[in-house]
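For reference, the structure discussed in these notes is given below.
All of the numbers you see were taken from the coordinates with simple rules; none came from a lab. Here the structure is a predicted model, which means the values were calculated and not measured. Here Cβ is always computed from backbone atoms with ideal geometry, including for glycine, and neighbour counts include all displayed protein chains.
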Amino acid sequence: MERLTEWYDNGISEGVLVKEKRGEKEIKVLFEEIDDGYIEMCALKAYEDTGLDPEQIRQIDRLYAEKCREVAKLRQRDTPVKVKPIGINHSIGGRVGVCPKCDVIVCDYMDRFCRECGCRLEWGSWEEWEELT
Ligand SMILES: [Zn+2]
């Protein structure tokens, strides 16, 4: 696609120079900061500076939204959830509980994350655990 804008600066005035068709002629119109449409022409120039076409911009937007959803999912998974206590296994010296998200049995000596749903587990202190069981 033909580029329509370029930056103009002659030391006295500066702005976005925009190609326009007037009948058969093509002219260049300078949009300076004080002119109506300056902000829009700056946006058009910024878009042209990317070198991307509209479909590429839409594809980047879709990928960005997809990555944001993945990050939100990982953040949620990485937020610690408190294990529901079952008891203490004295033969191995470890605490045993249940993952509050998926009800899988977990052990503190093995599981910082749930083996089933992958969420981060919070075990609390031993004293707290002994009071609850
Ligand atoms: Zn789980």
Review point. On the first, second and third principal axes, largest extent first, how far apart are the outermost C-alpha atoms of the chain in Å?
Key: 90, 30, 20
Point to revise | Partnerless cysteines, meaning none of the other Cys C-beta atoms lie under 4.7 Å away, in the chain | key: Cys42, Cys68, Cys107, Cys119
Check your understanding: Against the longest principal axis of the chain, how steep is helix 38-50, in degrees 0 to 90 to the nearest 10, with axes from Cα atoms?
Key -> 70 degrees
Check your understanding: Considering the chain as a Gaussian network with a 10 Å cut-off on Cα pairs, which listed residue, Ile86, Ile12, Ile57, attains the greatest mean-square fluctuation?
Key -> Ile12
Point to revise | Lys/Arg +1, Asp/Glu -1 at C-beta; the chain dipole; positive extreme among Thr79, Leu44, Ser91 | key: Ser91
Revision key, fill the gap. With Cα coordinates, the longest principal axis of the chain makes an angle with the long axis of helix 54-78, in degrees rounded to 10, of 20 degrees
Point to revise | Number of Lys pairs (Cα under 13 Å; 8 or more positions apart or on different chains) in the chain | key: 4
Check your understanding: What is the magnitude of the charge dipole of the chain about its Cα centre, with +1 placed on the Cβ of each Lys and Arg, -1 on the Cβ of each Asp and Glu, and no other charges, expressed in debye to the nearest 20?
Key -> 820 debye
Study note, to complete from the structure: One finds, for Asp9 and Leu63 with R0 = 41 angstrom and r their Cβ-Cβ distance, a FRET efficiency to the nearest 0.05 of 0.70
**Study point:** Two-decimal Rg to Rh for the range 33-75 - Kirkwood Rh, Cα set
**Key:** 1.23
